[in-house]
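This is the structure I want to talk about, given as structure tokens.
The values are calculated or read from the model by the stated rules, or taken from the named source; none is laboratory data. The shown structure was predicted, so the numbers you read here are calculated from the model rather than taken from an experiment. Positions of Cβ are backbone-derived with ideal geometry, glycine not excepted, and every protein chain shown enters the neighbour counts. To get the accessible areas, we keep the full protein, side chains included, count just its heavy atoms, and leave off ligands, DNA and RNA. Shrake-Rupley method; radii C 1.70, N 1.55, O 1.52, S 1.80 Å.
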Amino acid sequence: LAETHQTLVMNDLRSRVVIQTDGQIKTGRDVAIAAMLGAEECGFATSALISVGCIMMRKCEKNTCPVGVATQDPRLREKFAGRPEDVVNMMTFIAEDLRLIMAELGVRTFDDLVGRNDLLEADEAVRQWKAHGVDLSAVLSPPVKKNPSSPVICCIPQDHGIARVLDRTLIEKCAAAIEDGEKVDFELPIRNTDRTAGTMLSHEIAKRHGLAGLPDDTIHVKLKGSAGQSFGAWLSHGVTLELEGDANDYVGKGLSGGRIIAYPPAGSRFVPSENIIIGNVALYGAVKGQAFFRGTAAERFCVRNSGAHVVIEGVGDHACEYMTGGRAVILGGTGRNFGAGMSGGIAYVYDTIGDFESKVNPGMVEVVRVETDDEAAELRELIELHHSYTESAVAARVLDAWDESLERFHKVISPAYRRVLELQREKKEAVHG
């Protein structure tokens, strides 16, 4: 923080960055120390969760939170007793604690506290052996100012360019769909500076139509180019984003019913299934919807997916980590640590080399073959959709030799989730005789 502020000062505030820090910020004292080291804002996470009832069971990824904080199980969510007022109360106490500390130091406002590392000193009496030899002098030295009157806080309002983002154009062109449900279909270019494309559009749809969104494929937008981060994040039902190109990290983050399609540009000379088309952490926290990618993803694909149905042609390390629902079809190789902490949903992996089982984290899942006709039909339908939307050569080969291909698929599933599906099937059979 001290080095960052020194850079800010020496650049005469040409940078417009507000420095925020977080990590174990719990008390007014923590906030005061962070401010003295240069933080202008502080983030709270664990302490805020505890204020609304979290008891630190440390099993958020298992969907079994006993107090209903980190779960999508309706029965467990009923146990949640937190209120917004609880967080407000905690923040009020922290603010009062900070005010007392500032009064003792003779500091009137929070801005006056920022960067005052001259008010800090190391307490040698409480030094642990682990910290032996750690030199804090650079952190505790005041930043060198090019101009003595230069402040150490951000004094220039930040302009994030929200008024000029691609979504403004999307919202304008989709006005008839949002207001009257008319179908719209158009094409636009996209660049890697166009971040979270589709998110503000989904916000407008949610304001008007709620979580249900619009009827399927009411809005179809074809984009050409390289999309920036968080392409299609929180995409609402009724919106299809078709990308001829590639995309950065966080594609489909929080996908909320929409459909994302991505494939290489026409005329590309590389083999799609051997090249990355989307970056890291795609479909993180996806709730529902569909995604089809002709190409491979980088690391952490479908982490915490809880309902989306997706098809891709290869993934990196840690795919399907903490997955709780949905379906993930991988038509190619995977990296290591597949399915770590996966408590729900099903992943189907097409294993052409025969090494997939060695890459699975066996802590919470089992690896079996496709077991029922219903599962085979579900898998085939998703691959057919993938071929239809992306003209995937891999999907075509799999479908052309379906019986042989089916033998190469592994099904990754949590035993607990398997039992849930069995109970649901038994209940359905009992109802229908």
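Please name whichever of Ala401, Val52, Ala377 sits farthest to the positive end of the charge dipole of the chain, dipole taken about the Cα centre and charges placed at Cβ: Lys and Arg +1, Asp and Glu -1.
Val52
So, one more: Under the rule of -39500 (n - 2.57) per DSSP H run of 4 or more residues, summed and divided by the residues of the chain, what mean residue ellipticity at 222 nm is obtained, to the nearest 500 deg cm²/dmol? Working shown, then result.
On the way: 14 runs with 131 residues, N = 433.
About -8500 deg cm²/dmol.
Assuming R0 = 35 Å, can you tell me the calculated FRET efficiency for the pair Asn275 and His203, based on Cβ-Cβ distance, to the nearest 0.05?
0.60
A further question follows. Taking N as the number of residues in the stretch 33-94, what is its alpha-carbon radius of gyration divided by 2.2 N^0.38 Å?
The reported ratio for this selection is 1.36.
Name the residues whose placed amide hydrogens come within less than 5 Å of the amide hydrogen of Phe292, ignoring near sequence neighbours (fewer than 5 apart) on the same chain.
Ile260, Ile261, Ala262, Val311
Please list 3J(HN,Hα) in residue order for the stretch 192-201, calculated via the Karplus relation 6.51 cos²θ - 1.76 cosθ + 1.60 where θ = phi - 60°; whole Hz, with x for glycine and proline.
Ordered by residue, 3J(HN,Hα) equals 6, 7, 8, 9, 6, 4, x, 6, 5, 4 Hz.
Anything over 21 Å Cα to Cα? Flag those among Lys222/Lys253; Lys173/Lys224; Lys359/Lys411; Lys59/Lys288; Lys62/Lys428, in the order listed.
Lys59/Lys288; Lys62/Lys428
Under a point-charge model restricted to the Cβ atoms of Lys and Arg (+1) and Asp and Glu (-1), what is the dipole moment magnitude of the stretch 161-205 relative to its Cα centre, in debye to the nearest 20?
Working: 6 positive and 9 negative charges, 67 e Å.
Using Cβ point charges on Lys, Arg, Asp and Glu, the stretch 161-205 gives about 320 debye.
How many percent of the alpha carbon pairs in the stretch 22-151 exceed a separation of 19 Å?
Beyond 19 Å sits 63 percent of the P(r) for the stretch 22-151.
Using the Cα centre of the chain as the reference point, and only Cβ charges (+1 on K/R, -1 on D/E), how large is the resulting charge dipole? Debye, rounded to the nearest 20.
Values: 48 positive and 61 negative charges, 120 e Å.
Result for the chain is approximately 580 debye, rounded to the nearest 20.
Provide the net charge surrounding Arg304, with neighbours chosen by a C-beta distance below 11 Å and charges set as Lys +1, Arg +1, Asp -1, Glu -1.
0
Okay, moving on. Largest first, how would Phe270, Phe301 line up by accessible area (1.4 Å probe)?
From most exposed to least exposed: Phe270, Phe301.
Given the peptides 221-234, 110-123, arrange them by the average over their residues of other C-beta atoms within 10 Å, most packed first.
Top to bottom by mean Cβ count within 10 Å: 221-234, 110-123.
Further, regarding this structure: For the ranges 421-428, 351-358, what's the packing order if you count other beta-carbon atoms within 10 Å of each residue, average per peptide, and put the highest first? Don't skip to the end; give the middle numbers.
On the way: 421-428: 10.6, 351-358: 12.2.
Averaged packing, sorted descending, gives the order 351-358, 421-428.
Considering the convex hull of the alpha carbon atoms of the chain, report its projected area averaged over all viewing directions, in nm², one decimal. Don't skip to the answer; put the middle values down first.
On the way: hull surface 109.5 nm².
With the hull built on Cα positions only, its mean projection is 27.4 nm².
Rounded to the nearest 5, what is the percent of antiparallel bridges among the DSSP beta bridges in the chain?
Expressed as a percentage, antiparallel bridges in the chain total about 20.
Now a separate question. Which residues does the label zone of Ile50 cover in the stretch 87-113, counting backbone N under 18 Å from a point 7 Å along Cα→Cβ?
It comes to 87-98, nothing else.
With each pseudo-label sitting 7 Å past Cα toward Cβ, what's the Ile353-Trp402 distance in nm, one decimal?
Those two pseudo-labels are separated by 2.9 nm.
Here's something else I'd like to know. Work from the charge dipole of the stretch 98-174 (Cβ charges, +1 for Lys and Arg, -1 for Asp and Glu, about the Cα centre) and give the residue of Thr169, Pro151, Leu105 farthest towards its positive end.
Thr169
As I understand it, the dipole of the chain uses +1 on the Cβ of Lys and Arg and -1 on the Cβ of Asp and Glu, about the Cα centre. Which of Asn192, Asn275, Asn89 lies farthest toward its positive end?
Towards the positive end, the residue furthest out is Asn89.
Shifting gears a bit: How far apart, in nm, are the 7 Å Cα→Cβ label points at Glu124 and Glu182?
7.8
If you count, for each residue, the other Cβ atoms within 10 Å and average over each peptide, how do 375-381, 70-76 line up from highest to lowest?
Highest-to-lowest ranking by the protection proxy: 375-381, 70-76.
Also, quick follow-up: Net charge around Ala393, counting only other residues with Cβ within less than 12 Å of its Cβ (Lys, Arg = +1; Asp, Glu = -1)?
For residues surrounding Ala393, the net value is -2.
If eta is 1.002 mPa s and T is 20 °C, what Stokes-Einstein diffusion coefficient results for the stretch 280-323, Kirkwood Rh from Cα pairs, in µm²/s?
Value of D from the Cα-based Kirkwood radius: 215 µm²/s.
Mind listing the long-range amide H neighbours of Asp22? Cut-off is under 5 Å, sequence gap 5 or more, other chains count too, H placed in the peptide plane at 1.01 Å from N.
For Asp22, whose amide H was placed from the backbone, the distant partners under 5 Å are Gly43.
Moving to a separate point now. I want to verify a result. In a Gaussian network model of the chain, Cα cutoff 10 Å, which of these has the top mean-square fluctuation: Pro264, Pro215, Pro151?
Residue with maximal mean-square fluctuation among Pro264, Pro215, Pro151: Pro151.
Now a separate question. Starting from the amide H of Val370, placed 1.01 Å from N in the peptide plane, find each other amide H under 5 Å away whose residue is 5 or more places distant or on another chain.
Under 5 Å from the amide H of Val370 lie the amide H atoms of Lys411, each far enough along the sequence or on another chain.
Between Glu172 and His160, what is the label-point separation in nm under the 7 Å Cα-to-beta-carbon projection?
2.1
Related question: What ³J(HN,Hα) values, in whole Hz, does the Karplus curve 6.51 cos²θ - 1.76 cosθ + 1.60 give for the stretch 350-356 when θ = phi - 60°, with x put for Gly and Pro?
7, 9, 8, 9, x, 10, 4
Also: Step through the residues of the stretch 75-82 one at a time and calculate ³J(HN,Hα) from phi using the Karplus curve (6.51 cos²θ - 1.76 cosθ + 1.60, θ = phi - 60°), rounding each to whole Hz and writing x for Gly and Pro.
5, 6, 5, 5, 7, 5, 10, x
I'd like the per residue volume of the convex hull spanned by the Cα atoms of the stretch 83-166, given in cubic angstrom.
It is 268 Å³ per residue.
Working only with C-alpha atoms, what are the Rg and Dmax values of the stretch 287-375, expressed in angstrom?
For the stretch 287-375, the Cα-based Rg and Dmax read 11.7, 32 Å.
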